[in-house]
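Notes for the one structure printed next.
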Amino acid sequence: MFKKFFMLICAALLIAGCGGGEESANNKLSVMLASNVVSLDSGQCTDVASFEVIADCIDGLTQLDADGKAIPAIAESFDVSQDGKTYTFHLRDAKWSNGDDVTADDFVFAWRRHCQKAEEYAYIMDSTVACVKNADAVIKGGDPTTLGVSAPDPKTFVVELDAPVSFFPALMSFPTFYPINEKFYNSLDSGTYGTTPDTFLSNGAFVLSDYLPGTANIQLKKNDSYWNADKISLDAWQYQVVSSSDNALIAFKNGTLNLVTISGSQVEHVQADAELSKNLKSIPSGALSYLTFNQDPKNHHAGALANVNLRLAISNAIDRESLTENYVMNGSTPTYTAIPIHFAPNAKTGKFFAEDQNQFADYVGFDVDKARGFFEKAKSELGKDSFELEVIYSNDGGGSTKVIQAIKSQVEENLPGVILKLQPMPKAEYLDKVTTNSFDLALTDWVPDYDDPMTFLTLWTTEGCEICEHWSNADYDKIIADCTSGSLAADYDARWNAMYDAEKILLENAVIAPLFTNANAILIAPNISGVDFHVAGVNRVFKSATIK
Amino acid sequence: MSVLTLFLIIFVLFVLIRIVPGNPFPVERMSAEMILQKRAELGLDKPILIQFVDYMSMLLQGSFGNGTSLYNGAPIKPIMMICLENSFKIGVLSILFGTAAGLFLGIIAALNRGKFLDGLCTVVSILGVCIPSYVFMIFLQYFFSYKISFFPYFFDASRFLFSSIMPALSLSLFAIATVARFTRNEMIEVMNSDYVKLAEAKGLYGFELMRKHVLRNALIPVVTVIAPLVVGLLTGAMVTEKIYGINGVGKLMVDAIAGEGVDYNYVLALSIVFSALYIGIMLLLDILYGIIDPRIRLTAKEAA
């Protein structure tokens, strides 16, 4: 009996083994995703992986070109009213992948739904970002039909804003603003939209051919009914979710993946290999890494960090050059401003917002004497000369451990009396601690959603999100309110300058200690070209990618 | 009894998962007010015991909590079914292979008791128990996918059977070890029994003796160790599935626990399914035992 059994297994293995010959799939684009796609529902998703895949499949009103400038997508053109508060988009003849026309009503439906659903990214519609009329009220449970969007005819989409938003056209390339086919959506069972290729519609460059929520592998193919289908050269390609960068590196060497992101410690290894290092590139990511200080005077270390001099001391005791060079190692840049480098170019001068890294040198820098000066002041003000502080950080990615250890040794060496206790934890727990304020310092990475300094500056307002609590400054709040929806919104230059004032308040109070602007070290196979990388919103775009 | 066990398991899991640190909403952009609103929507603001009663009443109606993932709002059941199917297929493959190889090793060892081959089989069994399947998986992946590029480096659903071989092999390691050890011990016991000695005395020897008297009696109990292995494989494949990129329940579980937010609904639903499977199979075994092995029936009758 068992003999037959065994022979059966052998036979099965042999037959299966014969399938092994066709292993030369190098001419199919295989891209690494570092984390699962959370959801393909543009009103639900919150992560870069989801935004990227949605943008592969759905076009919004505008899209970004290789340089990050807004160019037409579904909207062929648009008009702005004199006061900058009404945008009229003229839609082209585009089709959904089931043959339906893409109409203005699809946008109206999606926008209303996202506000009503009030998921995390609904905030991007409200008065802190896009300023869509009545968005705040609808998000808080108001009547969705009062939202400032309308479709006077199927090819005209009108948006009314509460205040002019200078980056509005570029913002329209962000997935939360993408359309959803209302008829199709309503024909599905509740909650199933975007959970399989059958429950998802494309109007963009690619359609899903294999997908499942949380899947390790996503297959896409060209959408033949795409309005710009002539320009799409990729036929079929795939994403592979690989959470370990070691695994990704081997898969790249093997030819299984041809676009991967690697960690800083691997860069050294890659550079040692002449052949492999030809594929290495460093892509600026626009994400800022910084230390958040918990200023809650009631926190368990008697609120020592409520003292501004202690915060300034720590910020000035960190050697950022050495951090990026020796510990991050992926091309990240030391940063001395609250807004990252390579980010938010001025529309008129083209200069990045944080081009001048020395403007806040009085508050942020590396100067041991200055740091000790602040520290002496802090000691006498607080009447204590030793401080034990807890630093929390997420160790999911693995890369932060070395960085935080380096910070610990620098701070402890430069400020005798300060002891940093490191507390690694999974991301879920980290976010829990940050939102409930149970930490002293937190190592935070913030990825910009849109290409404007406001995506960072709104973090630190009194009303802002939970990531930085217990700091409140009326002047700061006023500047931010004026810039987003108030008197300065319409005046580009005045707004731009006011944002520097806000940044100054932030840094002279050392609300955060900026560390570095992240970069991604990637390996890309030489036969691939035309992948666009962006610092904000959708980070990678494959519409013009080609593979030889 | 089984129902009570299951109930207790669900209770403990339910309470634990709500007590341990972690946040089901990995939100960075929401105000405190909105987070509270979200929690209230899902009933997470109520006392744990009341939440538990609500959960149980929904479970009895056949739905896991509100039936959707906290994380992405997608319904749990259809996704879990697809993943169960994938894991099950690979699990069956590895059980088939593990049993066959385990039996083979066990028999060889028993027949060569005390000799070199027996020692070799024992070493293999010990290794099989000691090496976690995912470590073996990484080894296989490195060698067969990277060094000689024979098998795909990641799981390829379009070539399901072919790309199942490596994970199935690595998962079968534990089954091989367990089955081999069990078979060897059972066979040695049977070979020393009076009836085999009698058969030998009557002139039966070699293959005939083994097939008719030894194997038949030795293999009956072996069947009983295989069943729980099946469930063990479904639950034990977590890291292996994650490394190789298989959309199975193991990976689903890892993602639900270690993703950005802890997905209470998924973790609970999967744990309940795993526990129910396990308890179900144990119950089935208790019943089967009597049917498979006549001696148990006979002793029970005599005692009564």
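Rounded to the nearest 10 degrees, what's the angle between the helix B:160-191 long axis and the longest principal axis of chain B, both from Cα atoms, 0 to 90?
Helix B:160-191 and the main axis of chain B meet at about 40 degrees.
Which of rounded, prolate, oblate describes the range A:409-464, given a ≥ b ≥ c as roots of the alpha-carbon gyration tensor eigenvalues and a/c under 1.5 marking rounded, otherwise prolate only if a/b is larger than b/c?
prolate
DSSP beta bridges in the range A:287-519, what fraction antiparallel, as a percent rounded to 5?
In the range A:287-519, approximately 60 percent of DSSP beta bridges are antiparallel ones.
Summing Lys, Arg as +1 and Asp, Glu as -1, what charge do residues with Cβ under 12 Å from the Cβ of A:Pro526 carry, A:Pro526 excluded? Please report the intermediate quantities before stating the final value.
Values: positive: A:Lys278, A:Lys281, A:Lys548; negative: A:Glu275.
So the surrounding residues net to +2.
Express the C-alpha Rg of the range B:76-258 as a ratio against the empirical globular expectation 2.2 N^0.38 Å, rounded to two decimals.
In units of the globular-protein estimate, the range B:76-258 measures up at 1.20.
Give me, ordered by chain and number, the residues 5 or more places off B:Thr68 or on other chains with an amide H under 5 Å from its own placed amide H.
Placed amide hydrogens put B:Ile76 under 5 Å from B:Thr68.
Take every Cα pair under 8 Å in chain B that's 6+ residues apart, average their separations, divide by the length, and report that relative contact order as a whole percent.
25 percent
I'd like to compare A:130-136, A:441-447: which one has the highest average count of other Cβ atoms within 10 Å, and what's the full order after that?
A:130-136, A:441-447
I need the phi-derived Karplus couplings for the range A:32-49: 6.51 cos²θ - 1.76 cosθ + 1.60, θ = phi - 60°, integer Hz, Gly and Pro marked x.
7, 10, 7, 8, 4, 6, 6, 7, 9, 7, 5, x, 10, 6, 9, 10, 4, 4
How do A:Thr335, A:Thr86 rank when sorted from fewest to most other Cβ atoms within 10 Å of their own Cβ?
Ascending number of Cβ neighbours within 10 Å: A:Thr86, A:Thr335.
Greater than 21 Å separation of Cα atoms is the criterion. Which listed pairs, A:Lys69/A:Lys543; A:Lys298/A:Lys384; A:Lys402/A:Lys504; A:Lys379/A:Lys421; A:Lys222/B:Lys242; A:Lys298/A:Lys421, meet it?
Numbers: A:Lys69/A:Lys543 15 Å; A:Lys298/A:Lys384 17 Å; A:Lys402/A:Lys504 30 Å; A:Lys379/A:Lys421 19 Å; A:Lys222/B:Lys242 28 Å; A:Lys298/A:Lys421 19 Å.
Beyond 21 Å: A:Lys402/A:Lys504; A:Lys222/B:Lys242.
Using the Karplus equation 6.51 cos²θ - 1.76 cosθ + 1.60 (θ = phi - 60°), what ³J(HN,Hα) coupling, rounded to whole Hz, does each residue of the range A:517-523 give in order, writing x for Gly and Pro?
With coefficients 6.51, -1.76 and 1.60, one gets 8, 6, 10, 9, 8, 10, 10 Hz.
For the range A:151-162, just list the computed ³J(HN,Hα) in residue order, Karplus coefficients 6.51, -1.76 and 1.60, θ = phi - 60°, integers in Hz, with x standing in for Gly and Pro.
Calculated HN-Hα couplings, in order: 10, x, 8, x, 10, 10, 10, 10, 10, 9, 10, 7 Hz.
Over the C-alpha atoms of chain A, what are the Rg and the largest Cα-to-Cα span, Dmax, in Å?
Both quantities, over Cα of chain A: 25.2, 86 Å.
As I understand it, the dipole of the range B:76-258 uses +1 on the Cβ of Lys and Arg and -1 on the Cβ of Asp and Glu, about the Cα centre. Which of B:Ile126, B:Ala218, B:Gln141 lies farthest toward its positive end?
Value computed over the given set: B:Ala218.
Okay, which of the range B:258-292 sit inside 18 Å, backbone N to the point 7 Å along the Cα-Cβ direction of B:Phe88?
From the range B:258-292, the list is B:269-285.
Highest GNM mean-square fluctuation, chain B, Cα pairs closer than 10 Å: which of B:Glu241, B:Glu33, B:Glu186?
Looking only at B:Glu241, B:Glu33, B:Glu186, the biggest GNM fluctuation is shown by B:Glu33.
Using a 10 Å cut-off around each Cβ of peptide B:75-84, what is the average number of partner chain Cβ atoms that fall inside?
3
How big is the charge dipole of chain A about its Cα centre, in debye rounded to the nearest 20, if each Lys and Arg gets +1 on its Cβ and each Asp and Glu gets -1 on its Cβ?
1260 debye
So, by mean Cβ neighbours within 10 angstrom, what's the order for A:151-160, B:12-21, A:173-182 with the highest one leading?
Details: A:151-160: 16.9, B:12-21: 14.1, A:173-182: 24.5.
With the highest mean Cβ count within 10 Å placed first, the list reads A:173-182, A:151-160, B:12-21.
Once amide H atoms are placed 1.01 Å from N in the peptide plane, what residues at a sequence separation of 5 or more from A:Asn520, or on another chain, have their amide H within under 5 Å of its amide H?
Here A:Ile283, A:Ser285 satisfy the definition.
How crowded by other chains is B:28-38, given as the mean number of beta carbons from other chains within 10 Å of each beta carbon?
Average per residue, whole number: 6.
For B:Cys121, what is the net charge nearby, where nearby means another residue's Cβ is under 12 Å from its Cβ and Lys, Arg count +1, Asp, Glu -1?
+3
Listing B:Arg29, B:Arg216 from the residue with the fewest other Cβ atoms within 10 Å to the one with the most, what is the order?
With the sparsest Cβ surroundings first, the list reads B:Arg216, B:Arg29.
Across the residues of A:211-223, average count of Cβ atoms on other protein chains within 10 Å? Walk me through the intermediate numbers first.
Numbers: counts 0, 9, 13, 14, 7, 13, 8, 0, 2, 0, 0, 0, 0.
Taking all residues of A:211-223 together, the mean is 5.
Going by how many other beta carbons lie within 10 Å of each one, how would you line up B:Met1, B:Met30, B:Met191, fewest first?
Starting with the residue having the fewest Cβ neighbours, the order is B:Met1, B:Met191, B:Met30.
Towards the positive end of the charge dipole of the range A:29-180, with charges on Cβ (+1 Lys, Arg; -1 Asp, Glu), say which of A:Met125, A:Ser35, A:Ser97 has the farthest Cα.
Working it through, the farthest residue towards the positive pole turns out to be A:Met125.
Would you mind working out the magnitude of the charge dipole of the range A:128-170 relative to its Cα centre, with +1 at each Lys and Arg C-beta and -1 at each Asp and Glu C-beta, to the nearest 20 Debye?
Values: 3 positive and 5 negative charges, 16 e Å.
Charge dipole, the range A:128-170, about its Cα centre: 80 debye, nearest 20.
Determine the calculated [θ] at 222 nm for the protein assembly as shown from helices alone, applying -39500 (n - 2.57) to every DSSP H run no shorter than 4 residues and normalising by the residue count; nearest 500 deg cm²/dmol.
The helix-only estimate for the protein assembly as shown comes to -14000 deg cm²/dmol at 222 nm.
Packing-wise, with mean Cβ within 10 Å as the measure, how do B:203-213, A:365-375 rank, highest first?
A:365-375, B:203-213
Tell me, what is a quarter of the convex hull surface for the C-alpha atoms of the range A:287-519, in nm² with one decimal?
11.9 nm²
Could you pull out every residue, at least 5 positions away or on a different chain, whose amide H is within less than 5 Å of the one on A:Leu420? Hs are placed 1.01 Å off N in the peptide plane, and Pro or chain starts have none.
A:Leu389
With an 8 Å cut-off on Cα pairs and a minimum separation of 6 or more residues, tell me the relative contact order of chain A in percent.
Working: 1135 pairs, mean separation 102.2, N = 548.
So the answer I get is 19 percent.
Shape of the range A:322-406 from its Cα gyration tensor (a ≥ b ≥ c, root eigenvalues): rounded if a/c is under 1.5, otherwise prolate when a/b > b/c, or oblate?
Here the range A:322-406 falls in the oblate category.
Values quoted throughout were computed directly from the atomic coordinates according to the rules given, and no laboratory measurement underlies them. Note that the structure is predicted; figures quoted are calculated from it, not measured. FYI the Cβ positions are ideal-geometry reconstructions off the backbone, even for glycines, and counts take in every protein chain you see.
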